[in-house]
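All of the numbers you see were taken from the coordinates with simple rules; none came from a lab. Just so you know, these numbers come straight off a predicted model, no measurement behind them. Glycine gets a Cβ as well: all are built from the backbone with ideal geometry, and neighbour counts include every protein chain shown.
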Amino acid sequence: MPDFSSSVVYQIYPRSFADTTATGTGDLPGVIGKLDYLADLGVDYVWLTPVFPSPGIDNGYDVADYCAIDPQFGTLDDLDRLIAAGRERGIGVILDMVFNHTSTSHPWFRRALAGDPTYLDYYHFVEGSPTKPPTNWQSKFGGPAWEYVPKLKRWYLHLFDRTQADLNWDNPAVRREVAEVVRWWKRRGVAGFRFDVVNLISKPEHWISDDSGDGRRFYTDGPHVHDYIAELVDRAGIGEDLTVGEMSSTSLEECVRYSNPQSHELAMTFNFHHLKVDYADGDKWAVCAPDIPRLRELLSTWQQGMAAGGGCQALFWNNHDQPRALTRFDTTGGAYRDQIARMLAVVTFTMRGVPFIYQGDELGLPDPCYGSLSDYRDVESLNYARILRERGMSDDDILAVIQARSRDNGRVPVPWDDTATCGFSEATPWLAIPPSFRQLNAAAARRDPTSLWHLYRDLIRWRKRHRVLTEGDVRFLPVRDADVIAYERTHGTHRVVVVTSWCARQATGIDAAEVDDLSEITAWATAPLAAVTETVDLAPYQVRVFATASLHP
Ligand code: TEU
């Protein structure tokens, strides 16, 4: 399996990227039109979240046809043109394959509903009484994970929305079908694949209720998941391509196995533990300040553990499901937005793994903080607003939770210029663009050589030039302050030390001895650099980078 550690992936949420048809939603020609922008930034791959025909209940993660393009995004011809235009610029296209479930509008599910036994066996249909679901499992979007179909006198499993029915991977026919879908896209020239919640595909042999949780312990990293993934990769012939599995509530040991080349499974994995350090008691809907010692422990455990086990991690702070990291790690309400954005960027490009940029990271987009619940669109947000209301929470408190947690935070259309709709669309955008985004537009960022955008561009180039950043060992360093995280990368005689502050006060970072053989890279400083005497000290949310002289940009 090739080593992807010097590659950089840029994630596009096409609906919110660029609209060429004045519909208010982005499309594939919009992506083609921005390829020069992406080539200039220096990325190697673009990952498109699903663009397949879909009723759109979960914005495309409810797929109704795996081998076509939803007309709202364009045509198959547009995708072919995107692949070709990307190739001319050295950019590969990664598609997002959602195989844990299909939309209930998918022909397979429709045939199942019509009672066809072949297709009933494509899903998890279980006979039973209308009042008693097979288990007490909960959907990840809230409410029970089972839906009753009176006509069939059966329940079907849906770990997400009720319109997203889980596929039965124990059925060999299902495994053949999905492998064939991947082969079909690969033949069209697709360079890689992201597999949505792929560690949930293997369900337990028996349906058992969970007396101590929501059921996830029974189906997360389930009994045959490694075999099924290895089989899929082999059959589809994608062992040499960039493959990344999205792993829900997983463990380090499992991710080592999914991504160690010897397992012949995936090139890398996403995990989310580092983005739950602001969940009170692990509850996404209970907001608390980020726990930085916990973040340090997680980053160090995963970075060092993946290295020790020969696994590979996707490095990311944002995606289409997450509130923007620069807002969630900011305890001051926006005062240090630029500093935090720069600090997160440096961390992304100096850790071990494969860096992923999510659209708008390079512009420093914050959460939009809409003023009303009616501004939010996401199915998960709307479900939870209802659930929180049923639990007796006040409207103001619900709005505050949704503002902090909604997946729409990451889905706001990209501001390309400072016009009323920010150059995203000539129509009203499907999700409102807050006026403040006008100042953060891409055109202005590219004109300003000191902008965050240029830092991203510099970091991409810098990482590609130095093996210490791609192949080097990683070790977390002892810190003098609970809100500091520091680590070193080493490769032969080369060494880089990164010291970061995650708080809005001055902090004492690490002992000066850790950097006494290195010199500081001053080009990316976000605040005056305190002299290094006994310790390396940090201004609010500052990042300081020290490196062997030959590594300086
Ligand atoms: O997300 C998986 C997933 O579980 C989440 O990130 C989810 O949004 C969060 O845990 C809820 O709190 C993937 C996709 O990225 C997401 O957009 C889809 O909605 C989901 O799978 C279902 O396909």
Checklist outcome for this item: Cα-based Rg/(2.2 N^0.38 Å) for region 121-191, rounded to two decimals, is 1.37
Checklist entry - Name the residues of region 284-316 whose amide N is less than 19 Å from a point 7 angstrom out from the Cα of ASP397 along the C-beta direction? => result 284-289
Checklist entry - Cα atoms only, region 415-553: Rg and Dmax in Å? => result 18.7, 58
Checklist outcome for this item: Cα-based Rg and Dmax for region 1-68, in Å, come out at 13.9, 42
Item to check | Pair THR21, THR490: separation of 7 Å Cα→Cβ label points (nm) | outcome: 5.6
Checklist entry - Regarding the chain, what whole-number volume in Å³ per residue does the convex hull of its Cα atoms give? => result 144
Checklist entry - Spin-label point model (7 Å from Cα, Cβ direction): what's the ASP281 to HIS552 distance in nm? => result 5.3
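If Rh is defined by the Kirkwood formula over all Cα pairs and Rg also comes from Cα, what ratio Rg/Rh do you get for region 186-298?
Details: Rg = 16.2 Å, Rh = 15.7 Å.
Over the Cα atoms of region 186-298, Rg/Rh equals 1.03.
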Checklist entry - Which value in Å does the Kirkwood hydrodynamic radius of region 268-371 take, with 1/r averaged over all unlike C-alpha pairs and then inverted? => result 14.5
Checklist entry - How about LYS132: which aspartates and glutamates have a C-alpha closer than 13 Å to its C-alpha, ignoring those fewer than 8 places off in the same chain? => result GLU147
Checklist entry - Debye sum, Cα scatterers, region 72-189, no solvent: what log₁₀ I/I(0) at q = 0.10, 0.14 1/Å? => result -0.41, -0.69
Checklist outcome for this item: Plugging the Cβ-Cβ distance of ARG389 and SER105 into 1/(1 + (r/R0)^6) at R0 = 30 Å yields, to the nearest 0.05, a FRET efficiency of 0.55
Checklist entry - Where both partners of a DSSP beta bridge lie in the chain, what percent of those bridges are antiparallel, to the nearest 5? => result 60
Item to check | Simple label model, 7 Å out from Cα along Cβ direction - LYS132 to ASP473, nm | outcome: 5.9
Checklist entry - How would you rank 157-166, 456-465, 60-69, highest first, on the average number of other Cβ atoms within 10 Å across their residues? => result 157-166, 60-69, 456-465
Checklist entry - Full extension from ASP418 to ASP80: what is 0.36 nm times the residue separation minus their Cα-Cα distance, to one decimal in nm? => result 118.5 nm
Item to check | Cα gyration tensor, region 336-412 - rounded (a/c under 1.5), prolate or oblate | outcome: prolate
Checklist entry - What residues of region 23-51 lie in the reach of a label at GLU88, counting those whose backbone N is under 19 Å from a point 7 Å from the Cα along Cα→Cβ? => result 28-46
Next on the checklist: Limiting things to C-alpha atoms, what are the Rg and the maximum Cα-Cα separation (Dmax) for region 474-546, in angstroms?
Outcome noted: 11.3, 36
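Using 0.36 nm per residue, how much length does the chain from ARG183 to ASN171 gain when fully extended, once their Cα-Cα distance is taken away?
Full extension of this stretch gives 2.4 nm more.
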Next on the checklist: Just to be sure I understand the rule: take each whole DSSP H helix in the chain, project its Cα atoms onto its long axis, keep it if the span is 24 Å or more and its mean Kyte-Doolittle hydropathy is at least -0.5. Which ones pass?
Outcome noted: 292-309
Item to check | Ranked packing of 171-180, 91-100, most packed first, by mean Cβ within 10 Å | outcome: 91-100, 171-180
Next on the checklist: Going Cα to Cα from LYS153, which aspartates and glutamates come in below 12 Å? Please leave out same-chain ones fewer than 8 positions away.
Outcome noted: GLU127
Next on the checklist: On a 31 Å Cα-Cα criterion, which of the cross-link pairs LYS203/LYS464; LYS203/LYS284; LYS151/LYS186 come out too long?
Outcome noted: LYS203/LYS464; LYS151/LYS186
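Between LYS153 and GLU426, what FRET efficiency follows from the Cβ-Cβ distance if R0 is 41 Å, with the result rounded to 0.05?
In this case the efficiency is close to 0.20.
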